[in-house]
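The block underneath contains the structure these notes are about, expressed in structure tokens.
The values are calculated or read from the model by the stated rules, or taken from the named source; none is laboratory data. Just so it is clear, the model here is predicted, and its values are computed rather than measured. Cβ coordinates were reconstructed from backbone atoms using ideal geometry, including for glycine residues, and neighbour counts include every protein chain displayed.
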Amino acid sequence: MKKLLALFFIITQFFGCNPDSSVVDPKFTDQSILIGTNILSESQKNKMEGIYIVTIGKEKFGGNVVLKWNKNSLSIFGVKLGTNFVLNAGTKNNEIFLEGKWRYAQSLDIGLVRFTISEENGANSILNDSINSVIRMIGNYSENDENLDKEITLEFSRKFSSKTTEKPFYILAHRGGGRNSDNL
């Protein structure tokens, strides 16, 4: 009986743990595109929030994403493997610049990303209250390194519904709890 119990504990130890894995934390090796920029106002941030279509990069990040500001960080959430981006932003010369990191919550994939919203792609309407029906975020991202060699483009689809914005929003459960399965 003791041998069977010892064998049970050995098998439990061997199969009961996740393999040790480490997430690479990529860093920008060049100068930040946010140096010398000004922060966006709350009304400017509000104009950017909503549902976006991924027109370039959908094979990596899925077809649609949601953009939501939290203080001075822009979060982008997608369905594919729990995609999430955390970006900082600034404005200069009638353009909006964003940079940060993306990652899949359900795998070890992570990378850097940079976006620009040029004047003709919606920055003018966001910054100056002019009428423009298009907001297009054009950028590049990396996969597990610092080489921003892949293209990504997000195009504004619609604002959040009034049902979403008129009521308080509570996160009741999330994958950011630092569980072992999240590789945090």
*List every residue pair whose Cβ atoms lie under 6 Å apart, where the two residues are 6 or more positions apart in sequence or sit on different chains, the first residue falls within the range 147-160 and is farther than 16 Å from ILE76 by Cα and surrounded by fewer than 16 Cβ atoms within 10 Å (Cβ to Cβ), and the second residue, located anywhere, is modelled with pLDDT under 95 and basic (Lys, Arg).*
none
_Please go through the range 90-110 and give me each residue that is of a type outside the set (D, E, K, R), within 24 Å of GLY36 (Cα to Cα) and touching an Asp or Glu at 6+ places or on another chain (Cβ under 8 Å), ordered by number._
ASN94
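On the basis of being out of contact with any Leu (no Cβ under 9 Å at 6 or more places or on another chain), under 15 Å from GLY50 (Cα atoms) and touching a residue at least 24 places away in the same chain (Cβ under 8 Å), does GLY78 make the cut? Lay out the reasoning, then the answer.
Details: out of contact with any Leu (no Cβ under 9 Å at 6 or more places or on another chain): yes; under 15 Å from GLY50 (Cα atoms): yes; touching a residue at least 24 places away in the same chain (Cβ under 8 Å): yes.
When the stated conditions are applied, GLY78 passes them.
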*Looking only at the range 57-83, which residues are more than 9 Å from the chain's Cα centre (by Cα) and hydroxyl-bearing (Ser, Thr, Tyr)?*
SER73
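Among the residues of the range 144-155, write down those that are over 13 Å from LEU67 (Cα atoms) and at pLDDT 90 or above.
LEU148, ASP149, LYS150, GLU151, ILE152, THR153, listed by residue number.
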*Looking at this structure, is LEU67 touching a helix residue (DSSP H, G or I) at 6+ places or on another chain (Cβ under 9 Å), within 21 Å of SER133 (Cβ to Cβ) and part of a loop (DSSP other than H, G, I, E, B)?*
no
*Which residues, counting only those in the range 75-103, are closer than 24 Å to GLU119 by Cα and in contact with a helix residue (DSSP H, G or I) (Cβ under 7 Å, 6 or more places away or on another chain)?*
THR91, ASN94, GLU95, ILE96
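Got a number for residues in the range 156-176 being in a loop (DSSP other than H, G, I, E, B), modelled with pLDDT of 75 or more and in contact with a strand residue (DSSP E or B) (Cβ under 9 Å, 6 or more places away or on another chain)?
Going through the range 156-176 one residue at a time, the tally reaches 2.
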